[in-house]
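Worksheet for the structure shown next.
The values are calculated or read from the model by the stated rules, or taken from the named source; none is laboratory data. This structure is a prediction, so every number in the text was calculated from the model and none was measured. As a convention, Cβ positions derive from the backbone with ideal geometry for all residues, glycine included, and neighbour counts pool all protein chains shown. Please note that ligands, DNA and RNA were not included when accessible areas were found on the heavy atoms of the full protein model with its side chains. Shrake-Rupley method; radii C 1.70, N 1.55, O 1.52, S 1.80 Å.
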Amino acid sequence: MARLPFDPIDEAARQWADHWTGVPAMHAVTSLMRVQQLVIGRLDAILRPHGLTFARYEALVLLTFSSRGSLPLGKMGERLQVHPTSVTSIVRKLEADGHVRRYPHPDDGRAVLAEITPAGRALVEVATADLVGADFGLGVLDDDGLRELSELLRPVRRAAGDF
């Protein structure tokens, strides 16, 4: 994709101002959404050789962090902050690839557990090394910039009820 000779978000904000108010919020959200597209694209490209998307990687990491290496699918959805249908799809793909196994919850007949396999744990290690090596796609920011970005986004996440 060729570089534009101008910032399209700045131009959209200039034109927006001719029609409506709220330019700073429009500019910020449009910038945020574009960066999200760029970062997800970069992360997925890093993970593609491992047969993963970032969503599947996050699920494997969550299971790696769990004390038993397994969690109910409902709990995974809560922690990953995704719809139950998305968790089911993610886990099914990971199961088909041999990285997770699903089985009925021993204490709750309605629930299904996902458990990371040894192959899944090995994959997390290799994929994580690649992501860390690529600075998670945010290598243009130094540690102070990364902390500042996280702190700028924290109030939005808190107001949405994330925590």
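The table that follows gives values for the structure above.
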| item | result |
| --- | --- |
| Positions within the range 73-116 being open to solvent by 90 Å² or more (accessible area, probe 1.4 Å) and among the charged types (D, E, K, R), in sequence order | 78, 79, 92, 101, 107, 110 |
| Residue in the range 98-121 that is free of Cβ contacts under 8 Å to residues at least 12 places away in the same chain, under 25 Å from residue 74 (Cα atoms) and hydroxyl-bearing (Ser, Thr, Tyr) present | no |
| Selection within the range 43-88 - free of Cβ contacts under 8 Å to residues at least 60 places away in the same chain, aliphatic (A, V, I, L, M) and farther than 16 Å from residue 116 by Cα | 45, 82 |
| Residue list for the range 122-157, restricted to those being in contact (Cβ under 8 Å) with a residue 12 or more places away in the chain and in a loop (DSSP other than H, G, I, E, B) | 134, 138 |
| Residues of the range 72-119 satisfying the condition of being under 15 Å from residue 57 (Cα atoms) and in a loop (DSSP other than H, G, I, E, B) | 81, 82, 97, 98, 99, 117 |
| Residue 119, sole failed condition from (1) within 23 Å of residue 157 (Cα to Cα); (2) open to solvent by less than 90 Å² (accessible area, probe 1.4 Å) | (1) |
| Of all residues making up the range 56-71, the number that are more than 13 Å from residue 121 (Cα to Cα) and either modelled with pLDDT under 95 or open to solvent by 40 Å² or more (accessible area, probe 1.4 Å) (or both) | 1 |
| Qualifying residue in the range 134-156 (condition: in contact with a strand residue (DSSP E or B) (Cβ under 9 Å, 6 or more places away or on another chain), of a type in the set (Asp, Glu) and surrounded by fewer than 16 Cβ atoms within 10 Å (Cβ to Cβ)) | no |
| Enumeration of residues in the range 132-160 that are within 27 Å of residue 74 (Cβ to Cβ) and aliphatic (A, V, I, L, M) | 153, 156, 159, 160 |
